[in-house]
Amino acid sequence: EGPCSDGNVCTGLDKCVDGNCSPGVAIDCDDGNPCTDDSCDPATGCKHTANGADCDDGNACTTGDICKGSVCGNTGPVDCDDQNPCTTDSCDPADGCIHALNTLPCDDDDLCTVKDACHLGECTAGGELSCNDGNPCTDDSCDPDAGCQFTPNGAACDDGNACTEDDACAAGQCLGETAVSCVDDNLCTNDSCAPKTGCVFTDNNVACDDGN
């Protein structure tokens with residue numbers, strides 16, 4: 001029962017049994033590479049043929065890992081964009097995608113808010129937009145999609161002219177409806193009106209009749 005060779009390099013520890021060379025244990029051709037198909041040729045020994053199998057390149061920041069030329073490659077970087085402006089997206093080869101919260105300016109898609117900023121991963125309004133146009137002849141409001149709205153009204157108002165009365169809003173402007181009457185029925189005054197102060201009665205020297 002001495003050692004011998006059965007002529008097959010794919011077996012080892014061959015030994016003589018009952019006058020014949022009996023094959024021993026099959027040799028281990030596993031090279032530990034998932035990108036090769038391992039086999040053994042009785043004449044030449046172990047063979048490692050490159051394949052195109054799926055694999056893991058050990059990098060969590062790549063995608064489409066696949067064997068290329070007996071090496072584990074990939075088709076490109078993994079997409080870590082979560083479409084959230086309130087996270088800063090990055091990738092760690094060991095842990096994969098990272099979405100860190102930030103406090104950057106943002107847009108909450110509401111035109112009636114101002115100074116929007118990120119808070120705990122969400123876009124939060126900093127305050128309300130002021131839509132006051134200072135015009136008493138418009139009703140001021142805000143539409144989240146369209147922004148400030150100024151709708152003409154018919155409210156009473158003051159056109160700033162003391163020579164008009166019954167002022168009222170029309171088409172977004174304050175208009176005096178009628179002129180103020182400044183007639184004092186005194187022949188000895190010239191009657192007029194000053195827009196800033198109202199009726200003015202200026203003494204005159206015209207001829208008159210005192211009734212005596």
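The values are calculated or read from the model by the stated rules, or taken from the named source; none is laboratory data. Keep in mind it's a predicted model, so treat the numbers as computed, not measured. Please note: Cβ atoms are built from the backbone with ideal geometry, for glycine as well, and neighbour counts cover all protein chains shown. Each accessible area value is taken on the protein alone, full model and side chains, heavy atoms only, with ligands, DNA and RNA left out. Shrake-Rupley method; radii C 1.70, N 1.55, O 1.52, S 1.80 Å.
At a glance:
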{"quantity": "Set 103, 113: member being free of Cβ contacts under 8 Å to residues at least 60 places away in the same chain, in contact with a Gly (Cβ under 9 Å, 6 or more places away or on another chain) and more than 30 Å from residue 202 (Cα to Cα)", "calculated": "113"}
{"quantity": "Subset of region 153-163 [open to solvent by less than 80 Å² (accessible area, probe 1.4 Å) and not charged (D, E, K, R)]", "calculated": "153, 154, 155, 157, 160, 161, 162, 163"}
{"quantity": "Those residues of region 111-144 which are charged (D, E, K, R), farther than 24 Å from residue 167 by Cβ and in contact with a strand residue (DSSP E or B) (Cβ under 9 Å, 6 or more places away or on another chain), in sequence order", "calculated": "115, 116, 128, 143"}
{"quantity": "Which numbered condition residue 117 misses (of (1) open to solvent by 50 Å² or more (accessible area, probe 1.4 Å); (2) touching a Pro at 6+ places or on another chain (Cβ under 7 Å))", "calculated": "(1)"}
{"quantity": "Answer from 189, 202 - the residue that is among the hydroxyl-bearing types (Ser, Thr, Tyr) and either touching a residue at least 40 places away in the same chain (Cβ under 8 Å) or exposed (fewer than 15 other Cβ atoms within 10 Å of the Cβ) (or both)", "calculated": "202"}
{"quantity": "Residue among 139, 166 that alone is in contact with a Phe, Trp or Tyr (Cβ under 8 Å, 6 or more places away or on another chain), without any contact (Cβ under 8 Å) to a residue 24 or more places away in the chain and either open to solvent by 70 Å² or more (accessible area, probe 1.4 Å) or under 30 Å from residue 56 (Cα atoms) (or both)", "calculated": "139"}
{"quantity": "Qualifying positions in region 8-25 - exposed (fewer than 12 other Cβ atoms within 10 Å of the Cβ) and either under 23 Å from residue 71 (Cα atoms) or in contact with a Gly (Cβ under 8 Å, 6 or more places away or on another chain) (or both)", "calculated": "13, 25"}
